[in-house]
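Worksheet: one structure, shown below.
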Amino acid sequence: MGIFSFLKRQKADRNADIQSDDTDANENPVSASEPALEQKMQRTRSRFTDNLLGFLRGKKAVDEELLEELEAQLIMADVGVAATARVIDSLRQKAKKDKLQDADAVRLVLRQELIDILQPVEQPLEIPDDIVPFVILVVGVNGAGKTTTIGKLAKQLQDGGKSVMLAAGDTFRAAAIEQLQAWGERNDVPVIAQDIGSDSASVIFDALQSAKARGIDVLIADTAGRLHTQSGLMDELRKVKRVLSKLDADAPHETLIVLDGGTGQNALSQAEQFNDAMALDGLVITKLDGTAKGGVVFAIAEKIGIPIRFIGVGEKVSDLEVFEASRFVDALVDEGSSEEVEA
């Protein structure tokens, strides 16, 4: 059985870019290269390196005052109370065992503590060849970037040789339908849509029927982001899942929430609310290129523990990146180069 791996494709593309840059550097020294992840996340990185790590320099003694200051800086960086408590408790235990001699040692251990928080949620989305169509249901509030994320996912799948269909299930906003149709037209991807105000579950049901008839590999369905009441929204989303199960008992195969990283701790509460209603399979955290609140990724990982499938760090299709824990942490706290060719 074959599996489509977004992560393998990302690593292959990154290695190809690095090797291409090396060639270009020899032939054309002024050739521009793709910005590294730390550059794309510069605002969050600045909050970590300038504020959080700024005082962890030199040979300061590791005492309670230093740990309390670090605790305050982590919370201000949107890392969250639970994740911060985990980090500080671990550092305090290591300090008691004399494993932390000075502030420089804390900086090194802090990097690993942050990676340890994120490692369990580093579970990239994989699509097996024997599930056709593979149905991805995309949820989240308006403005989080659902429709744009769907378009980028569709393009990445298409570039990887998968046939894709889109379902315009956000029938409450004409702009959402039009935006999805524009993505479809641009990339020659079929889009199933009905008039504004149509029943969302009916649209997505029709799309699944059509995808089955055409032998489409992946169906990605947009959904409404807001109704008159939040409970109404959740009822509508549950209805979509029930209706899909009539055609395929296992559908949707992936329920993916898109969260705006710029909303900080609000993103955490959204994830909790949608997870209670929908039993989420994965998260996409968008707009991390334009915010200083990227530390919320740690809060979400510690509090909810749902796999983070992708992060959004720019406008290009390739800026929807598969989440990699070590790479993400290094983009925030590593002061050396973190872009190396991978095996």
For the range 85-95, indicate whether the set of residues that are within 26 Å of the chain's Cα centre (by Cα) and open to solvent by 80 Å² or more (accessible area, probe 1.4 Å) is non-empty.
yes
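Give the residue that is surrounded by the most Cβ atoms within 10 Å (Cβ to Cβ), with candidates limited to residues of the range 184-211 that are touching a helix residue (DSSP H, G or I) at 6+ places or on another chain (Cβ under 7 Å) and assigned to a helix (DSSP H, G or I).
Among them, the one singled out is Ile204.
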So how many residues does the range 271-285 have that are open to solvent by 10 Å² or more (accessible area, probe 1.4 Å) and not in a loop (DSSP other than H, G, I, E, B)?
5
Touching a Pro at 6+ places or on another chain (Cβ under 9 Å), at pLDDT 95 or above and more than 22 Å from Ser245 (Cα to Cα): does that describe Gln119?
no
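Suppose the filter is more than 23 Å from Glu315 (Cβ to Cβ), among the hydrophobic types (A, V, I, L, M, F, W, C) and touching a Leu at 6+ places or on another chain (Cβ under 6 Å); does Val135 pass it?
Considered against the rule, which asks whether it is more than 23 Å from Glu315 (Cβ to Cβ), among the hydrophobic types (A, V, I, L, M, F, W, C) and touching a Leu at 6+ places or on another chain (Cβ under 6 Å), Val135 comes out as yes.
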Looking only at the range 122-181, count every residue that is among the charged types (D, E, K, R) and open to solvent by 40 Å² or more (accessible area, probe 1.4 Å) and tell me the total.
8
Here's a check for you: in the range 241-270, which residue that is more than 24 Å from Arg45 (Cα to Cα) and charged (D, E, K, R) is least open to solvent (accessible area, probe 1.4 Å)?
Glu254
Test: residue in the range 218-240 that is β-branched (Val, Ile, Thr), under 21 Å from the mean Cα position of the chain (by Cα), crowded, with 17+ Cβ neighbours inside 10 Å and not in a loop (DSSP other than H, G, I, E, B)
yes
May I ask you to list pairs of residues, at least six apart or on different chains, whose Cβ atoms are under 6 Å apart, with the first in the range 268-291 being free of Cβ contacts under 8 Å to residues at least 40 places away in the same chain and the second being among the acidic types (Asp, Glu)?
Asp281/Glu254
Gly295 - would you say it is of a type outside the set (Asp, Glu) and open to solvent by less than 10 Å² (accessible area, probe 1.4 Å)?
yes
For the condition on the phi > 0 side of the Ramachandran plot and either among the hydrophobic types (A, V, I, L, M, F, W, C) or out of contact with any Cys (no Cβ under 9 Å at 6 or more places or on another chain) (or both), what is the one hit in Gly184, Gly143, Gly169, Gly151?
Gly143
What about Glu302, is it within 16 Å of Gly80 (Cα to Cα) and buried (at least 22 other Cβ atoms within 10 Å of the Cβ)?
yes
Could you give every pair whose Cβ atoms fall below 6 Å, whose first residue belongs to the range 203-218 and is in contact (Cβ under 8 Å) with a residue 60 or more places away in the chain and under 16 Å from His253 (Cα atoms), and whose second residue is open to solvent by 50 Å² or more (accessible area, probe 1.4 Å) and in a helix (DSSP H, G or I), counting only separations of at least 6 or pairs across chains?
Leu208/Leu247
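The values are calculated or read from the model by the stated rules, or taken from the named source; none is laboratory data. In this text, all values refer to a predicted model and were calculated from it rather than measured experimentally. Positions of Cβ are generated from backbone atoms using ideal geometry, with glycine treated the same way; all protein chains shown enter the neighbour counts. SASA here: full protein model, heavy atoms, side chains in, ligands and nucleic acids out. Shrake-Rupley method; radii C 1.70, N 1.55, O 1.52, S 1.80 Å.
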